[in-house]
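Asker: Before I ask anything, let me first share the structure, which is written out below as structure tokens.
The values are calculated or read from the model by the stated rules, or taken from the named source; none is laboratory data. Since this is a predicted model, take the numbers as computed values, not measurements. Cβ atoms come from the backbone with ideal geometry, glycine included; neighbour counts cover every protein chain shown. Just the protein is used for accessible areas: all its heavy atoms, side chains included, with ligands, DNA and RNA removed. Shrake-Rupley method; radii C 1.70, N 1.55, O 1.52, S 1.80 Å.
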Amino acid sequence: MAKIGINIVTGSLQQAELIVGIDLGTTNSLVAIIHPDTKKPIALKEHDSSSLVPSIVHFDSYGNASVGEVAKQYLETEPQNTIFSAKRLMGKSYNDVKKNANFFTYKVIDDNTESLVKVQVGNQFFSPIELSSFILKELKQRAEHIMKTPVTKAVITVPAYFNDAQRQATRDAGKLAGLDVLRIVNEPTAASLAYGLGLRADEEKTIAVYDLGGGTFDVSILRITNGIFEVLSTNGDTYLGGDDFDRLIIQYWLQQNGLSEEVLHNNKQLSQTIRLIAEDAKKQLSNLSITNYELPITNDDVRFSLHDSLLAKFNFQLSTADFNKLIQPLIDRTITSCSDALKDAGLTTADVDTIVMVGGSTRVPAVKNAVSNFFGKPVNDTVNPDEVVALGAAVQADILAGNNKDFLLLDITPLSLGLETMGGLMDVLIPRNSKIPTKVGRQYTTYVDGQGSMRISVFQGERDMVKDNRKLAEFNLTGIPGMPAGLPKVEVNFLINADGILVVTAKELRSGVQQSIEVKPQYGLSDDQVEKMLMDSITHAKDDIQTRALVEARTEGEQLLGVTEKFLTKNAGLITQEEMIVTAQAMQALQLALTMEDKNLIQAKTEELNEVTRPFAERAMDAAINTAMKGQNILGN
Ligand code: AMP
């Protein structure tokens, strides 16, 4: 039974837990929930306004921030105080963004090119995380205002191609906005969820998610099996979108009227007006039937106040045919990306079962047709393409809230994770394809007497020797109190949280000393590399088994030699001359065997030495018990 609570501040009834879904977009952001009555996802909006909140932050002369439509008004008139596209800066250094520095009309700090970028507004400095947090705060407030209940938990979406630094930055922005970010979800995964895809446990599907927004384009190929979404490939262009359509329309109009672009450079107000008209014309063409519609935008019926008499000379006309001709090269580029994404996933168009359309620009009929023609199937476009990602995030949030017990959304680790053990062997703690979040612990011990530290080296990959795998991190567990080899108990835990971040903790249980490290297993690893690592493990499987067996035999042999040597120096008095000679011979034989690549020989010689020394151990034990009974310490030193 669902729990019901009463909000003591507002008196309203509330569900035990409201988790919102947030699409933190480059151009627009929005917040969605599952409607308590209809159980359907809805995007939240205030009265008749749009559900979209422009991802824009404006700072006034006192440094006060405003967000959304209010901030958007200053885009052209106060470009230096009006920050748009902060998402493009998330987790980036100046070096990463300098190629596109001209794109930003505000000041992106370039003094330290390696560290994370900051934006300067007046004499204040803001990180992209802070800027995003202003947008998230606005969405949080919107949700609280509409739902009349505090909102502290959210699922936030990010592009599938975001790396770990960018995901972490998004999570931090949430925290700064007072939100506990329960999960970061890939945008294409969320869009698929909004269409109900992946919600049946037995469903197996390949989905292409085509996302053309205002300023960015990406396509992702997803594979769903057993409720698990796997991103097979992504492709796209982070500087291609509906804004480029608008620019082409403006250029076309200027050309038609024999004007140069200088006119716009010199008049910001006029430039903004024409940009808005161009966007409006584009949107109208999307809703009207395809052929030769003439859009008579002239001075008379322009809704905006025009201060420039120059405008009266303009003749704004655009037919669907002309518009389509203008944008065809851009559409072609997106189709090439689709083709490349399929190639990277090792698939053809025939393998794709479903196509999901995301982003406002997919409303353009020519875009829809091109995508549908390319894949040879109709596209899914019934859900509002501006809202579909946020709606999917709300579906995910509802599942996390436990309101939808039928589904459990899981991700998997594409490669095994483990530790280096003696002889350079890979000891796998979390096998590949494990569902995450997950936690595994295992105990290790020391190899040498009095060993005060233990090196914990974390590797990723499928090969038996760590040298053939990928090293993720390394740290030393120090402060282990001096104990004989084999006595300390070091428990190593591997925890992968829901965002795929691995936390490795090592703790010596007797003394309690502990150390941990966080790693991001997929950081800097492309799908191709993952695939290559998997292929290598198959190609080398036989060699690897043999190598592992040899290394294990060697480690055991070396250990026995060490123990025997130590025993002989301490307990020489317990052994006869004859026994000493036989032991020395067996040790020599084993030592020689260890230099060879013959596992069977090493094992045979180890066993021989074991046979010879076994009675000594019993003798030593008796002697120790005798000494102990006399009240002395059995550990000697
Ligand atoms: P998004 O980034 O997904 O919010 O997409 C915003 C982009 O979609 C902007 O470039 C809008 O101009 C564009 N857009 C919104 N509605 C339409 C429409 N009806 N037809 C064409 N483009 C649209």
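Asker: Where the second residue is of a type in the set (Gly, Ala, Ser) and the first is modelled with pLDDT of 90 or more and lies in the stretch 404-426, which pairs have Cβ atoms under 6 Å and are six or more apart or on separate chains?
Answerer: Going by the 6 Å Cβ cut-off, the qualifying pairs are Glu420/Ser457; Met426/Gly418.
Asker: Do we have any residue at all in the stretch 566-584 that's within 30 Å of Pro414 (Cβ to Cβ) and assigned to a helix (DSSP H, G or I)?
Answerer: No; the residues of the stretch 566-584 include none that is within 30 Å of Pro414 (Cβ to Cβ) and assigned to a helix (DSSP H, G or I).
Asker: Looking at the stretch 339-358, I want the residues that are among the polar types (S, T, N, Q) and have a partner that is open to solvent by 60 Å² or more (accessible area, probe 1.4 Å) with Cβ atoms under 9 Å, at least 6 apart or on another chain. Which pairs are those?
Answerer: Pairs that qualify, where the first residue is among the polar types (S, T, N, Q) and the partner is open to solvent by 60 Å² or more (accessible area, probe 1.4 Å), are Thr349/Gly376.
Asker: Related question: Just one of the numbered conditions (1) open to solvent by 70 Å² or more (accessible area, probe 1.4 Å); (2) at pLDDT 85 or above is not true of Leu590; which one?
Answerer: (1)
Asker: Can you tell me which residue among Gly242, Gly215, Gly227 is in contact with a Lys or Arg (Cβ under 9 Å, 6 or more places away or on another chain), within 26 Å of Arg142 (Cα to Cα) and not assigned by TED's automatic domain parsing to the domain that holds Leu131?
Answerer: Gly215
Asker: Being at pLDDT 70 or above, surrounded by fewer than 20 Cβ atoms within 10 Å (Cβ to Cβ) and of a type in the set (Lys, Arg): is that true of Arg303 here?
Answerer: No: the conditions fail for Arg303.
Asker: Would you confirm whether or not the stretch 164-187 contains a residue that is within 16 Å of the ligand (Cβ to nearest atom), of a type outside the set (Lys, Arg) and open to solvent by less than 20 Å² (accessible area, probe 1.4 Å)?
Answerer: Checked the stretch 164-187: at least one residue is within 16 Å of the ligand (Cβ to nearest atom), of a type outside the set (Lys, Arg) and open to solvent by less than 20 Å² (accessible area, probe 1.4 Å).
Asker: Provide a single number: the residues in the stretch 217-238 that are part of a loop (DSSP other than H, G, I, E, B) and either surrounded by 24 or more Cβ atoms within 10 Å (Cβ to Cβ) or away from the ligand (no atom under 13 Å from the Cβ) (or both).
Answerer: 2
Asker: Quick one: which strands (runs of 3 or more DSSP E) lie wholly within the stretch 46-164 and hold at least 2 residues that are out of contact with any Phe, Trp or Tyr (no Cβ under 7 Å at 6 or more places or on another chain)?
Answerer: 124-126, 153-158
Asker: Just the residues that are more than 22 Å from Tyr161 (Cβ to Cβ) and in contact with a helix residue (DSSP H, G or I) (Cβ under 9 Å, 6 or more places away or on another chain), please, taken from the stretch 82-113.
Answerer: Residues satisfying the conditions are Thr82, Ile83, Thr105, Tyr106, Lys107, Ile109, Asp110, Asp111, Asn112, Thr113.
Asker: Across the stretch 21-45, what is the total count of residues that are acidic (Asp, Glu) and open to solvent by 50 Å² or more (accessible area, probe 1.4 Å)?
Answerer: 1
Asker: Going by the structure shown, is Val352 modelled with pLDDT of 95 or more and outside the structural domain of Gly236 (by TED's automatic domain parsing)?
Answerer: Criteria not met by Val352.
Asker: Right, something else. What's the number of the only condition in (1) buried (at least 17 other Cβ atoms within 10 Å of the Cβ); (2) over 21 Å from His265 (Cβ atoms); (3) over 26 Å from the mean Cα position of the chain (by Cα) that Asn81 fails to meet?
Answerer: (2)
Asker: Based on this model, can you work out whether Gly242 counts as buried (at least 18 other Cβ atoms within 10 Å of the Cβ), under 23 Å from the mean Cα position of the chain (by Cα) and either within 14 Å of the ligand (Cβ to nearest atom) or at pLDDT below 90 (or both)?
Answerer: So Gly242 fails the test.
Asker: Could you count how many residues in the stretch 24-65 are farther than 19 Å from Ala394 by Cα and away from the ligand (no atom under 16 Å from the Cβ)?
Answerer: Residues that pass the stated criteria total 11.
Asker: Same structure again: Kindly indicate whether any position in the stretch 344-366 is open to solvent by less than 30 Å² (accessible area, probe 1.4 Å) and within 30 Å of Ala473 (Cα to Cα).
Answerer: yes
Asker: Could you identify the single residue in Asn64, Asn95 that is open to solvent by 20 Å² or more (accessible area, probe 1.4 Å) and farther than 24 Å from Thr170 by Cβ?
Answerer: Residue meeting the stated conditions: Asn64.
Asker: Test Glu262 against the criterion of being open to solvent by 20 Å² or more (accessible area, probe 1.4 Å), without any contact (Cβ under 8 Å) to a residue 12 or more places away in the chain and either away from the ligand (no atom under 16 Å from the Cβ) or among the hydrophobic types (A, V, I, L, M, F, W, C) (or both), and give yes or no.
Answerer: Yes, satisfied.
Asker: Does Ala390 count as under 23 Å from the mean Cα position of the chain (by Cα) and open to solvent by less than 50 Å² (accessible area, probe 1.4 Å)?
Answerer: yes
Asker: Kindly indicate whether Leu330 is away from the ligand (no atom under 16 Å from the Cβ) and open to solvent by less than 30 Å² (accessible area, probe 1.4 Å).
Answerer: It is false that Leu330 is away from the ligand (no atom under 16 Å from the Cβ) and open to solvent by less than 30 Å² (accessible area, probe 1.4 Å).
Asker: Please enumerate the residues belonging to the stretch 268-280 that are at pLDDT below 80 and either within 16 Å of the ligand (Cβ to nearest atom) or open to solvent by 40 Å² or more (accessible area, probe 1.4 Å) (or both).
Answerer: Lys268, Gln269, Gln272, Thr273, listed by residue number.
Asker: May I ask you to list pairs of residues, at least six apart or on different chains, whose Cβ atoms are under 8 Å apart, with the first in the stretch 454-474 being under 11 Å from Asp427 (Cα atoms) and the second being open to solvent by 10 Å² or more (accessible area, probe 1.4 Å) and among the hydroxyl-bearing types (Ser, Thr, Tyr)?
Answerer: Qualifying pairs under 8 Å: Gly461/Ser537; Glu462/Ser537; Arg463/Ser537; Asp464/Thr547; Met465/Thr547.
Asker: Kindly indicate whether any position in the stretch 135-150 is modelled with pLDDT under 95, under 23 Å from Asp96 (Cα atoms) and open to solvent by 10 Å² or more (accessible area, probe 1.4 Å).
Answerer: Within the stretch 135-150 (the criterion being modelled with pLDDT under 95, under 23 Å from Asp96 (Cα atoms) and open to solvent by 10 Å² or more (accessible area, probe 1.4 Å)), the answer is no, since none of the residues qualifies.
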